[in-house]
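Contents: one structure, followed by commentary.
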Amino acid sequence: MRLFSKKTEAVSPVIGVMLMIVVTIIIAAVVSGFAGGMSSTESKVPNVAFTVDPDLDGNGTIMFKHTGGDELLIDEVLVQLEYDDRSITLSNLDNMTGHSDYDYLSEMGGDTDGFITGGDRMVLTCDDNNAEEKAFIFKPDNAAINFTIPYYGHVNYMILDKESAKAIQTGEFVLR
């Protein structure tokens with residue numbers, strides 16, 4: 001007479017091995033996702049090329065012409081100027097002193113839809129193009145002192161992406 005033995009196994013060994021393989025694949029996918037940068041929250045800096053044209057003919061402007069690359073939203077751009085170990089950073093949200101309707105940085109040319117695309121221009125306007133002192137003078141409301149750039153001064157500039165706080169383009173020009 002044969003006695004029946006009680007089995008205590010609930011899952012066959014094949015199913016157990018398959019479950020282990022699935023768990024291993026899921027862990028490998030998660031690790032490769034993090035290693036490959038899928039979890040990165042760093043935003044991409046727009047790839048754009050500009051030409052720079054300062055104007056001394058009475059306008060007191062520095063023109064940045066978009067010559068190619070990604071489109072930019074003017075609200076997401078900062079322009080930093082540096083002269084003689086001093087710098088100033090301006091955007092289209094900064095108003096000129098005493099002129100709440102005039103922004104330091106504005107869009108010009110093409111359609112003024114807030115996007116800077118190929119051929120469009122961003123214009124940085126100074127508060128005072130002083131022909132007597134031969135200088136561009138910026139007088140932001142929030143600044144303790146004026147930022148002055150003399151004619152023929154060598155100016156370093158940086159166009160920044162607000163979202164990532166990284167440079168879109170850097171360069172130098174002579175104010176002439």
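Restricted to strands (runs of 3 or more DSSP E) entirely inside region 102-141, those with at least 2 residues that are of a type in the set (A, V, I, L, M) and modelled with pLDDT of 80 or more are 105-108, 121-125, 135-138. Considering only residues of region 142-169 that are in a strand (DSSP E or B) and among the polar types (S, T, N, Q), which is modelled with the lowest pLDDT? Out of the qualifying residues, it is Thr148.
Taken over region 1-52, the residue count meeting the criterion of being under 25 Å from Met158 (Cβ atoms) and at pLDDT 70 or above is 10. The C-beta contact set for region 126-147 (first residue more than 17 Å from Asp84 (Cα to Cα) and of a type in the set (A, V, I, L, M, F, W, C), second residue outside any strand (DSSP E or B) and modelled with pLDDT of 80 or more, distance under 7 angstrom, 6+ apart or interchain) comprises Cys126/Gly60.
For (1) charged (D, E, K, R); (2) closer than 23 Å to Phe50 by Cβ; (3) surrounded by 14 or more Cβ atoms within 10 Å (Cβ to Cβ), each residue gets a yes or a no:
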{"residue": "Gly119", "(1), (2), (3)": "no, yes, no"}
{"residue": "Ala131", "(1), (2), (3)": "no, no, no"}
{"residue": "Lys134", "(1), (2), (3)": "yes, no, no"}
{"residue": "Asn142", "(1), (2), (3)": "no, no, no"}
{"residue": "Thr148", "(1), (2), (3)": "no, no, yes"}
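Exactly one residue out of Asp84, Asp55 is within 16 Å of Leu175 (Cα to Cα), at pLDDT 90 or above and not aliphatic (A, V, I, L, M), and it is Asp84.
The values are calculated or read from the model by the stated rules, or taken from the named source; none is laboratory data. Note that the structure is predicted; figures quoted are calculated from it, not measured. Cβ sites come from the backbone with ideal geometry, for glycine too, and all protein chains shown count toward neighbours.
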